[in-house]
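Notes follow the structure.
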Amino acid sequence: MIRIDPDRRLMKEMLSIALDVRSRRSGIAAAQKEKPALFNHELVKGMMEFGEEGLRQRGGSVNEAPISSNSAQVAEEFTGLAARVDTLCAKLRRGRFSRNPLVVAGLAIHGGGED
């Protein structure tokens, strides 16, 4: 029976989220310009840096994903992704991936990497 390493699975999910955020960058920026009250500027900045780190780790490039949702839906999805990154970082920060640049970037979104 093949045993799947749970930490590795969580890291793959983190990379997937980072690339998703990176591909939605222009749509998030447009929604933020349209309705700035829905977005926390520091959270957006941190998540964009997190997306860039995911792209650096994987290499290559990502295609910009068109976003046809309204600003409120984009903000809600974005907040959900940020919450998921926080959860994953909390699980990974004590394991062998604690020094991984993607985990460090995820912790830095809210300043949680300052232990």
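Please list, ordered by first then second residue, the pairs with beta carbon atoms under 9 Å, 6 or more apart or interchain, first in region 1-27 and closer than 17 Å to residue 103 by Cβ, second in a helix (DSSP H, G or I) and of a type in the set (Phe, Trp, Tyr).
Here the result reads 14/50; 17/50; 18/50; 21/50; 21/78; 22/50, each pair linking region 1-27 to a residue that is in a helix (DSSP H, G or I) and of a type in the set (Phe, Trp, Tyr).
Which residues, counting only those in region 39-66, are in contact with a helix residue (DSSP H, G or I) (Cβ under 7 Å, 6 or more places away or on another chain), of a type in the set (Asp, Glu) and in a helix (DSSP H, G or I)?
Within region 39-66, 49, 52, 53 qualify.
Yes or no: region 102-112 includes at least one residue that is in a loop (DSSP other than H, G, I, E, B) and more than 16 Å from the chain's Cα centre (by Cα).
First, pick out the residues of region 102-112 that are in a loop (DSSP other than H, G, I, E, B): 109-112.
From what's left, more than 16 Å from the chain's Cα centre (by Cα): none.
The answer is no; no qualifying residue exists.
Can you tell me which residue within region 54-66, out of those that are without any contact (Cβ under 8 Å) to a residue 40 or more places away in the chain and either at negative phi or polar (S, T, N, Q) (or both), is surrounded by the most Cβ atoms within 10 Å (Cβ to Cβ)?
This residue is 55.
In region 67-78, which residues are without any contact (Cβ under 8 Å) to a residue 24 or more places away in the chain and part of a helix (DSSP H, G or I)?
Within region 67-78, 73, 76, 77 qualify.
Contact list please: Cβ distance under 6 Å, first residue in region 80-96 and within 13 Å of residue 8 (Cα to Cα) and of a type in the set (Gly, Ala, Ser), second residue part of a helix (DSSP H, G or I) and at pLDDT below 95, pairs at least six apart or on different chains.
95/7
The values are calculated or read from the model by the stated rules, or taken from the named source; none is laboratory data. Quick caveat: nothing in here was measured; it's all calculated off a predicted structure. All Cβ positions, glycine included, derive from the backbone under ideal geometry; neighbour counts span all protein chains shown.
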